[in-house]
Amino acid sequence: MLLWIICSLTPQEVREKIQCGDSDFIKSLIDYLESTSKGEFLTGTMSTIEGNVNLAKVEPGYIDPTQTLASKPPPLCKNCSKVGCSRCTKQDEWWKSVFATETDDLLLKSNVHTCSSGFKKNGEIMKNKDYVGCLNNKWKKCKARFPRTILKETKVDIESGRIDLKKLEPFINTYNPLLTFVLRCNTDVTCLHSGTAVKAVVAYVSDYISKYGLKTHVIFDTIRNIYNR
């Protein structure tokens with residue numbers, strides 16, 4: 001899915017504002033990008049999320065979020081000026097607990113990349129897999145380019161206008177929390193900061209849409225793998 005925001009600045013206009021050193025614009029841009037694109041879990045590190053999910057799974061009422069539809073938040077309290085409003089408090093708690101916790105559970109189950117999934121513990125390739133692992137190459141390096149580079153905070157290069165977003169987890173792609181919560185599956189998001197990036201995505205989408213069907217030998221190879229299980 002490719003979204004283009006109406007009346008938004010072009011990549012070149014964004015770059016020029018950054019290169020001019022417009023601090024207010026840069027701060028607003030970083031706040032926006034960090035709110036829509038995340039490179040880490042919402043409530044803690046991956047090991048913390050694993051521990052929390054393992055504890056939750058033994059509870060009688062636990063339901064795998066990948067097998068359910070997204071729940072809706074409490075009703076919005078409109079035009080509220082009351083301090084300590086119970087409806088406002090309830091909604092804030094929902095976003096901080098239910099939404100964040102469930103999103104982290106979904107990320108752990110669907111967004112974490114595992115390089116060893118196609119291999120046995122002794123390093124041999126699993127014969128009963130329909131796909132080869134990302135390390136199945138002569139260099140034994142991940143074809144998906146994991147692990148990703150860790151960045152403790154977002155960096156902005158004033159000279160080039162380049163933005164490198166904060167990323168704290170090496171084995172998950174950048175994602176949008178709302179999309180993950182609603183779609184309940186693996187999703188990746190990318191902000192197109194340059195004309196080159198826009199052209200690359202358009203070419204990728206066009207190629208994907210016009211992709212030819214599977215070749216005959218690939219179909220027969222898949223059938224053989226299924227029967228060999």
message = Just checking my list (i) 21.4; (ii) 20.6; (iii) 19.9 against Kirkwood radius over Cα pairs in Å computed from this structure; which label fits?
response = (i)
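Below 8 Å, C-alpha to C-alpha, sequence gap of six or more: please give me the relative contact order for the chain in percent. Can you show the working numbers first?
Working: 223 pairs, mean separation 63.1, N = 229.
Computed over the chain, the figure is 28 percent.
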request  = Scan segment 69-108 for trypsin sites (Lys or Arg not before Pro) in coil per DSSP, keeping those whose Cβ has at most 11 other Cβ atoms within 10 Å, and list them by number.
outcome  = 78, 82
inquiry  = Could you derive backbone 3J(HN,Hα) for segment 104-110 from the dihedral phi with the Karplus parameters 6.51, -1.76 and 1.60 (θ = phi - 60°), listing whole Hz in sequence and x where the residue is Gly or Pro?
reply    = 5, 4, 4, 4, 4, 7, 10
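With only Lys, Arg, Asp and Glu charged, each at its Cβ (+1 for the first two, -1 for the last two), find how big the charge dipole of the chain is about the Cα centre; round to the nearest 20 debye. Write down the numbers at each step before the final one.
Working: 33 positive and 25 negative charges, 184 e Å.
It works out to roughly 880 debye.
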task = Find how many whole Å separate the alpha carbon centroid of segment 147-172 from the alpha carbon centroid of segment 1-29.
result = 17
task = Identify, among 14, 49, 228, the residue whose Cα sits farthest towards the positive end of the charge dipole of the chain, taking +1 on the Cβ of Lys and Arg and -1 on the Cβ of Asp and Glu, with the dipole about the Cα centre.
result = 228
query = Can you give me the relative contact order of segment 1-109 as a percent, contacts being Cα pairs under 8 Å and 6 or more apart?
reply = 30
Phi to ³J(HN,Hα) by Karplus 6.51 cos²θ - 1.76 cosθ + 1.60 over segment 79-88, Hz, x for Gly, Pro = 6, 8, 10, 7, 6, x, 4, 5, 5, 5
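Where Lys and Arg each count +1 and Asp and Glu each count -1, what net charge lies around residue 63 among other residues with Cβ under 11 Å from its Cβ? It would help to have the intermediate numbers written out before the result.
Details: positive: 57; negative: 59, 64, 102, 105.
Spelling it out: positives minus negatives among the neighbours equals -3.
All of the numbers you see were taken from the coordinates with simple rules; none came from a lab. Predicted model only: the values in this text are computed from it and were never measured. Every residue, glycine among them, receives a Cβ derived from its backbone with ideal geometry; neighbour counts consider all protein chains shown.
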